[in-house]
Each structure stands twice: as structure tokens, then as C-alpha cells.
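The values are calculated or read from the model by the stated rules, or taken from the named source; none is laboratory data. Computed from a predicted structure; not experimentally measured. Virtual Cβ from ideal backbone geometry, glycine too; neighbours counted across all protein chains shown.
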Amino acid sequence: MDARREIEPTPKNRTTVERKSERELVVTRTFNGPARLVFEAWARPELFKQWWVPKSCGLSLLSCEMDVRVGGKYRLVFSHPAAPEPMAFFGSYLEVTPHSRLVWTNEEAGDTGQVTTVTFEERGGKTLLVMHDLYPSKEALDGAIASGSTGGMGETFEQLDELLAALGTSVGGS
Amino acid sequence: MCHILNHMVQSHRTGFDASFAALSDATRRGVLEQLGRADASITDLAGKFRMTLTGMKKHVGVLEQAGLVATEKVGRVRTCKLGLRRLEEEAAWIESYRQLWDARFDELDKVVGKLTRKEKVDGRKKRD
């Protein structure tokens, strides 16, 4: 990475995630720009495509269709080297309030999918973004967490094993 | 960072071998998934996995030893639920979810930055 840049680096804003209740997950982040522009980056597919799939996670976005209006549908299709089939995420928009609020459903998991509400609140030229996922039941959110962690559990423990071995070595060697 | 590592080492070193052994069995992984959806009695679990009560008791015992499952006897029924170690796993999932969104938002920062700069340039052009 180029350490010296012409533009002074601004301190990075923090992303927080909290399980607010048995059925709710909340993500927050502040952006250094007006709500109008942050909202546009969520509501216009050509902008959305530029950030939704971070390069670090190995996914590629095959297609992205978004009809951002109340009742409109969206469909995102990804591929991953480890997945035999492309994965689709889809649903429809329940609320679209320009520059302040977006609400959509997540229907790829059937009736256990969450409803996502994103709010954009401008404060002195910056925007506080709050993404709120409401699951239909405690079991649905527990299930989402379990399916995300159980699959990788063996791998996680293997990594932990390596970490412990490395720590043991470094402690022993010093 | 060191603090996190120390905590991980202390909390996992003792339980690590037991956990690994507990997770090496497909039935036991299935039981954990099942308990992730809802608490269940040993009888329920034995039925779901088509096993004898004694067989399921053994599996649950291994999971309990590893801290992956906690059981509680009320009357004649022993109810099983996820243990403390699984709660740590929820925290780990939340952290990996946070990292995903953090990476996304770093990219979104760039998009917002581009839009902001473009607007400033366009604004200047309009005034000129």
C-alpha cells in the first residue's frame, strides 16, 4: 500500500454490530458525506455494485437488478470459488423514502428471512447509517447464526489449533 | 489485540481437546444444529436421530463435557440446550459479520467520497 498520499487520511469510522434482542441485529456506521449521497449509493445499482461485494471476501457479483420503489423487487446473484452453484439474494422494497429510509424483505431463506430497515440521518455534513434486521422469530436469527458458524466450526477450531500452536512456540522460544 | 489473544488462550486451551473430539462426530454436530433451533429433551433427540436413549445420553455427555451443551433436569425430563461455548461462538459470528460490513463500508466510503468530490467540481462549474 502507498503510505504517502496527497490527501490527508481521515480517521476511519467504526462499524458496530449488536444483537439488540432475540429477533434483532443492528449495524451502525458513520459516513463522511451528506445523507443524499449515501442514500444514492444504496439505491442506484451502478453505485451499489461498486461496494456491496468487498474484494477481500472472494465473491463476485454476477448480476444486480434493483427496482428501488415501493413494491419493486431486487435480485443479486453471486459466485464464489468454493460454491458449486451461484447464490441468489432477493426480495422486495417495502418502503423507499429518498435520502432517509429504505426497507426491504429478504426472501431467499423462505419465511425465516428478515426485514431490513436502513436509515440515513445527516448530522453536520456526516451521515449516521443504521441497518436494522428484524427476524420473524428468535429461532430464525439463531438459525442464521448457527448456519453461519456451524459449517465453518471445524475450520475455526483448526485455525485456533494453529494459533495456539504458534503462541505456544513463541512463548516457549522467548 | 494481545488482550483478546490472552483471553482466547485462557478460555480455549483447557477445553480445546474436548471440543475437537466432540465435534469430530456427525451425530453430535447434528445435535448442536438441532439445539441451535430449539432446546430439546434427550428423548426428543434420540427420536430425531433414531438412536437408543443410552446412545444419545453418551453423545450429550461428550458435548456437555466440552461445554458445547448444557443440560438441566426438571422432574423426569432432562432438557438440553446450547452451552456457554456456543454463546462464545455467537460472539465470534457477530464479529465476522461486523468485519464483512466493515469491509463493505470501506468500499462505500470510496463511493461516497467520489460522489462528494464530483458534486463539488460540478458546483464550481455551475458558478463559473
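What to note about this one:
- From the options B:Lys114, B:Lys48, B:Lys125, residue that is touching a residue at least 12 places away in the same chain (Cβ under 8 Å) and surrounded by fewer than 16 Cβ atoms within 10 Å (Cβ to Cβ): B:Lys48
- Qualifying residue in the stretch A:34-48 (condition: at the interface with chain B (Cβ under 10 Å from one of its Cβ atoms), surrounded by 13 or more Cβ atoms within 10 Å (Cβ to Cβ), part of a strand (DSSP E or B) and under 15 Å from the mean Cα position of the chain (by Cα)): no
- Test: A:Val171 is at pLDDT 95 or above and surrounded by fewer than 16 Cβ atoms within 10 Å (Cβ to Cβ): no
- Scanning the stretch B:63-105 for residues that are within 7 Å of chain A (Cβ to nearest Cβ) and within 30 Å of A:Pro34 (Cα to Cα) turns up B:Ile94, B:Tyr97, B:Arg98, B:Leu100, B:Trp101, B:Asp102, B:Ala103, B:Arg104, B:Phe105.
- Being under 26 Å from B:Lys118 (Cβ atoms), acidic (Asp, Glu) and in contact (Cβ under 8 Å) with a residue 12 or more places away in the chain is a condition met by no residue of the stretch A:18-39.
- Pick from the stretch B:61-115, criterion out of contact with any Gly (no Cβ under 8 Å at 6 or more places or on another chain) and of a type in the set (S, T, N, Q), ranking: nearest to A:Glu46 (Cα to Cα): B:Gln99
- Residue among A:Thr105, A:Thr28, A:Thr15 that is in contact with a Lys or Arg (Cβ under 9 Å, 6 or more places away or on another chain), closer than 30 Å to A:Glu139 by Cα, modelled with pLDDT of 95 or more and surrounded by 15 or more Cβ atoms within 10 Å (Cβ to Cβ): A:Thr28
- Scan of the stretch A:74-93 for residues that are surrounded by 13 or more Cβ atoms within 10 Å (Cβ to Cβ) and charged (D, E, K, R), ordered by number: A:Arg75
- Test: residue in the stretch B:31-50 that is in contact with a Pro (Cβ under 7 Å, 6 or more places away or on another chain), in a helix (DSSP H, G or I), within 29 Å of A:Val27 (Cβ to Cβ) and within 11 Å of another protein chain (Cβ to nearest Cβ): no
- Picking from residues in the stretch B:55-80 that are surrounded by 15 or more Cβ atoms within 10 Å (Cβ to Cβ) and in a loop (DSSP other than H, G, I, E, B), the one that is nearest to the chain's Cα centre (by Cα) is B:Leu68.
- Checked against (1) under 21 Å from A:Asp142 (Cβ atoms); (2) surrounded by 14 or more Cβ atoms within 10 Å (Cβ to Cβ); (3) out of contact with any Phe, Trp or Tyr (no Cβ under 9 Å at 6 or more places or on another chain), B:Ala38 passes all but condition (2).
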